[in-house]
Amino acid sequence: MKFKFIFGKKGYGKTQYILNEIKNEMKNVNDHRILIIVPSHNTFMMENRILEYLGENALSKLEIMDFKKFTFKLLNIFKGKTKNRISNIGKSL
């Protein structure tokens, strides 16, 4: 497992770099899933760009999520299911 953090200003080619890295990684490793974490306003754009650049098959090997969803997933993995703060009865009131 490896992590890469990609930072840069708008227009510096971050998305294209990510797409090229994903394409190379998918050629080298067939059984691993790739996780892409982007700001919430970019998830849909990234999914569309991957579909255009890599095709539909790429989405079966990728998971694209925003930071909030990633945090929730980590909490579920390492802490167990997060507790509901308000019960169903409390919600109905």
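The values are calculated or read from the model by the stated rules, or taken from the named source; none is laboratory data. This is a predicted model, so every value here is computed, not measured. A quick note on method: Cβ atoms are made from the backbone with ideal geometry, for glycine too, and the neighbour counts reach across all protein chains shown. SASA here: full protein model, heavy atoms, side chains in, ligands and nucleic acids out. Shrake-Rupley method; radii C 1.70, N 1.55, O 1.52, S 1.80 Å.
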| Taking N as its residue count, the alpha carbon Rg of the chain over 2.2 N^0.38 Å | 1.37
| At a 1.4 Å probe radius, carbon and sulfur cover how many percent of the accessible area of the chain? | 56
| task | Report, largest value first, the span of the C-alpha coordinates of region 1-53 along each principal axis, in whole Å. | result | 31, 21, 18
| remark: From the Cα centre of region 58-75 to that of region 1-46, the distance in Å is 12
| task | With runs of 4+ DSSP H residues as the only contributors, calculate the mean residue ellipticity of the chain at 222 nm using -39,500 (n - 2.57) per run, divided by the residue total and rounded to the nearest 500. | result | -15500 deg cm²/dmol
| query | What is the chain's relative contact order, in percent, from Cα pairs under 8 angstrom and six or more apart in sequence? | reply | 25
| message | Calculate the FRET efficiency for Thr43 and Lys79 from the Cβ-Cβ distance with a Förster distance of 30 Å, rounded to the nearest 0.05. | response | 0.80
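With every protein chain present, what is the per residue accessible area of the chain (1.4 Å probe, Å²)?
Ligands and nucleic acids excluded, the result is 86 Å² per residue.
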